Amino acid sequence: MAKLYFRYGAMNSGKSTAMLQAAYNYEERGQQVLLAKPQVDTKGDREIVSRLGVSRPVDFVLSPDADAYQEFSKERARVKAETGLEVSCLLVDEAQFLSETQVDDLLRIAVLDEVPVLAYGIRTDFQTVAFPGSRRLLEVSHAIEELKTICRCGRKAVFNARKVGDRFIFDGDQVAIDGVDVTYESLCGACYLEESGGLLGSGRRRVLVEPPEVAYSSAPDADFA
Ligand SMILES: [Zn+2]
C-alpha cells in the first residue's frame, strides 16, 4: 500500500530542496511525478524555489476550496494521455497551507489510488501553534519525518520566530499580509522563550511563565550532532 508522508521542518530546513531532489530521484528512474502547492495569496505563484537556487514550476496549484482529489485525478489522466505512464508520486510543497479536507484527500490518493504522497511543510506558525494543514497531516500521515536545521546557538531549531527588521514580533495573523515586510528566524525552544519573554502561543493560548533559566549544556542537541 502506498503511504502519505509528512516531512516537516522549521523555516530554512531545506524542505523545497529535499522535495526537488525527491522528484529528480523518481524521474532519473524514468518515472512520472506530479508537483503541487496550495495557493497562499493572490499572486498565483507556481514556482517551487529552493534556497540553493534550483527552481521548478508545479503541475497544479490548489486554491483554498479546490477538490485536491479531483485535481490530482485530472492531472494524473493528463500524464497518462501524454506519456502512457502512470504517476509514481505526488509531491506537495508548503503543505501547511492545505485545508484539512485537502489533507484528507492526500490520504485518499495514497490509500485508494496507491500513489505515494510526499507532503513537505512547516509544523507550527510564528506563535508555535500548528497550521491547520500540518495538524491534520500529523493526525493522518503514515510516516512523519523531521528535516532538521540549526538555531543560532547550535541546538536544533524547532520554532519559526517572526521579525520585522531586527525586532521579533509575537502578535499578528498566522500568515503575514502581502506587502508587510516580515522575515523568519528558526530558533530552538530556549532561544524562542528568551526572545518572547516566556510567551508561547501568543493571542490564542497565552501562557506566561518565568523567562527560562538557560541552563542547558552548551553542546548541540544530541539528536542533531
Ligand atoms: Zn537556540
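Loop only per DSSP, at most 12 neighbouring Cβ atoms within 10 Å: give me the GluC sites (Glu not before Pro) in the range 81-185, ordered by residue number. Could the numbers behind the result be given before it?
Numbers: sites: Glu82, Glu86, Glu94, Glu100, Glu114, Glu139, Glu145, Glu146, Glu185; in loops: Glu86, Glu94, Glu114.
Here the sparse-neighbourhood loop sites are Glu114.
Residue exposure proxy: Arg56, Arg136, ordered by other Cβ atoms within 10 angstrom of their Cβ from fewest to most, comes out as Arg56, Arg136. Computed from the Kirkwood radius of its Cα pairs, the Stokes-Einstein diffusion coefficient for the range 44-201 at 25 °C and 0.890 mPa s stands at 140 µm²/s. Other residues lying with their Cβ under 10 Å from the Cβ of Leu98 contribute a combined charge of -2, Lys and Arg counting +1, Asp and Glu -1.
Over 22 Å between C-alpha atoms is what I'm after, so list which of Lys15/Lys80; Lys15/Lys37; Lys37/Lys156; Lys37/Lys163; Lys15/Lys156 land there. Could the numbers behind the result be given before it?
Working: Lys15/Lys80 28 Å; Lys15/Lys37 13 Å; Lys37/Lys156 27 Å; Lys37/Lys163 25 Å; Lys15/Lys156 15 Å.
Cα-Cα > 22 Å for Lys15/Lys80; Lys37/Lys156; Lys37/Lys163; rest within.
With neighbour counts taken as other beta-carbon atoms within 10 Å, the residues Ile150, Ile109 rank, fewest first, as Ile150, Ile109.
Taking K and R as +1 and D and E as -1, what net charge do the other residues with C-beta under 14 Å from the C-beta of Arg108 add up to?
Values: positive: Lys3, Arg76, Arg136; negative: Asp67, Glu71, Glu100, Asp104, Asp105, Asp113, Glu114.
Residues near Arg108 contribute -4 overall.
The residues neighbouring Ser16, those whose beta-carbon lies less than 12 Å from its own, together hold a net charge of +2 under the Lys/Arg +1, Asp/Glu -1 convention.
A Förster radius of 41 Å, combined with the Cβ-Cβ distance separating Glu82 from Ile144, puts the computed FRET efficiency at roughly 0.75.
Quick check on the range 9-103: what does the Kirkwood estimate of hydrodynamic radius come out to from the alpha carbon pairs, in Å? Mind showing how you got there, number by number?
Values: mean 1/r = 0.0715 Å⁻¹.
Evaluated over the range 9-103, this radius sits at 14.0 Å.
Between the amide H of Leu62 and those of Lys37, Gln39, distances stay under 5 Å, these residues lying 5 or more places away or on another chain, with hydrogens modeled in the peptide plane.
Where a number appears in this text, it was derived from the coordinates with a stated rule and is not lab data. Model, not experiment: these values are computed from the prediction. Here Cβ is always computed from backbone atoms with ideal geometry, including for glycine, and neighbour counts include all displayed protein chains.
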